[in-house]
Amino acid sequence: MSGVLKAACVQVNAGTEILPNLQAAGDLVRRARDAGADFIALPENVSMIVQGRAKVLERVKPADEHPAIPFFADLARETGAWLLAGTLGVLLDDGRVANRSHLFDAEGRAVAHYDKLHMFDVDLKGGESYRESATFRPGDRAVLAATPWGGVGMTVCYDLRFAYLYRALAQAGASILTVPAAFTVPTGRAHWHTLLRARAIETGCFVLAPAQTGSHDQGRLTYGHSLIVAPWGEVLADAEEAVGFVLAELDMARVEEARRMVPALTHDRAFTLDRVGF
C-alpha cells in the first residue's frame, strides 16, 4: 500500500427502473471525478430498488445481458477512475439472484466481483420485515482485490455485522474495506456509524461505505449517511441524507501506523469454550 488516495462515496436514491438510475449515478460519478476522486464507490442496489420477488425477477438480467455492467465499465474508462459499482442484481442459472458488487479499474476492466455472503432476513419493530434469501442466493467466497493503493476487501451491507469477515480480509492484505449498503432507517440510526467505525478500528483499514438514501418503492426508507472512516476510527466524511457524494483523502501510511500502535491483527489465540452451569 502506498501514496495518498482521494476517494468518494456516492449517495443515491434509486427507483424501480434501471436506466434512469444508471444515468443519475453516472452524473454523480462524473462530478466526483471532476472534484478529484481517484476511487469512487457506489451503493448497494445502485441500478434499482424494488420490493418483492416478482418485481425483482421482472427486471434483473444475467451478467452477460445486464446493461449496468458495460455502463459502469465505460464510465470507469471515460473518467479514468477506479469504480466500485455498488451492487447489481444478477440473474443466476438456478433462477435466484446474486447481489453482486463489481470493481472496475481506471481502464474499464472488470477486475473483481463479490456476491454478498450474508442474507438480510430480519423482522424489525413496526412490522418492517425482510427476507433477502427468498430471492437472492448468498455468495460463498470472500474477495480481496489488488489496486494501486493496496488491497480492497469487498463486502456488502448486512455483511457489516459479521466481524470475522473483515478480520479475515485485513489479515489477507486489505487496507481498504468497501461496504456498499441500503441500510434501513431503524438499524441505521442505531448501528450504522458504530459498526463502520468498529470495523475500521478492529482491522486498521480505511472503510468506504456508500449508501442509499430516502424513500423508495412501496415506501421503503433507507438511512443514507455514506461514510468514509479512517483506520483509527475517525469519520472523515458523512453524506448525511442528501443525494450527492462526499470526498476524503486517504493517506495509506495511516494503515500501518494504526496497526503498529495496536497490532491486534497479529494477536490471535486459539481457545476452548467452557459452558458452565448449563
Inset, instruction - Report Rg(Cα)/(2.2 N^0.38 Å) for the range 24-153, keeping two decimals. - result: 1.11
Inset, instruction - Could you compute the FRET efficiency for Ala35 and Val111, with r as their C-beta to C-beta distance and R0 at 41 Å, rounded to 0.05? - result: 0.95
Legend entry - Pairwise label distance in nanometres, Asp74 with Arg141, each label 7 Å out on the Cα-Cβ vector: 2.9
Inset, instruction - Please check which bits of the range 11-28 a label hung off Ser215 would reach, taking the label as a point 7 Å along Cα-to-C-beta and the cut-off as backbone N under 20 Å. - result: 12-17, 21
Inset, instruction - Give me the number: length gained by fully extending His267 to Ala253, i.e. 0.36 nm times residue separation minus the C-alpha to C-alpha distance, one decimal in nm. - result: 2.9 nm
Legend entry - Fraction of antiparallel bridges per DSSP, the range 78-221 only, in percent to nearest 5: 70
Inset, instruction - Provide the per residue accessible area, probe 1.4 Å, for the range 155-278, rounded to a whole number of square angstrom. - result: 47
Legend entry - Share antiparallel - DSSP beta bridges, the range 139-278, percent rounded to 5: 65
Inset, instruction - Would you work out if the range 120-168 is rounded, prolate or oblate? Take a ≥ b ≥ c from the square roots of the eigenvalues of the alpha-carbon gyration tensor; rounded if a/c is under 1.5, else prolate when a/b is larger than b/c, oblate otherwise. - result: prolate
Legend entry - Summed side-chain charge close to Leu195 - residues other than Leu195 whose Cβ falls under 13 Å, Lys, Arg +1, Asp, Glu -1: +2
Legend entry - Distance between the range 164-212 and the range 1-75 - C-alpha centres, whole angstrom: 19
Legend entry - Under 11 Å, Cβ to Cβ, from Leu177 - net charge with Lys/Arg +1 and Asp/Glu -1: 0
Inset, instruction - Using only Cα positions of the chain, each an equal point scatterer, no hydration layer, compute I(q)/I(0) via Debye at q = 0.08, 0.11, 0.14, 0.15 Å⁻¹ and quote the log10 values to two decimals. - result: -0.30, -0.57, -0.93, -1.07
Inset, instruction - Give, to the nearest whole percent, the P(r) tail of the range 8-77 beyond 15 angstrom, counting all Cα pairs. - result: 54
Legend entry - Most to least packed among 256-267, 155-166, 18-29 [average Cβ atoms within 10 Å]: 155-166, 18-29, 256-267
Legend entry - For Arg137, net neighbour charge (Lys/Arg +1, Asp/Glu -1) across residues whose Cβ lies under 11 Å away: -2
Legend entry - Between the range 81-95 and the range 216-278, the Cα center-to-center distance that results, in Å: 23
Inset, instruction - Give, to the nearest whole percent, the P(r) tail of the range 127-218 beyond 20 angstrom, counting all Cα pairs. - result: 39
Legend entry - Per-selection Kirkwood Rh - the range 141-185 (Cα, Å, 1 d.p.): 10.8
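The values are calculated or read from the model by the stated rules, or taken from the named source; none is laboratory data. What you see is a predicted model, and the numbers here were worked out from it, not measured in a lab. Quick reminder, even Gly has a Cβ in these numbers, built from the backbone with ideal geometry, and neighbours come from all protein chains shown. Ligands, DNA and RNA are stripped out before the accessible areas are found, and what is left, the full protein with its side chains, is counted by its heavy atoms. Shrake-Rupley method; radii C 1.70, N 1.55, O 1.52, S 1.80 Å.
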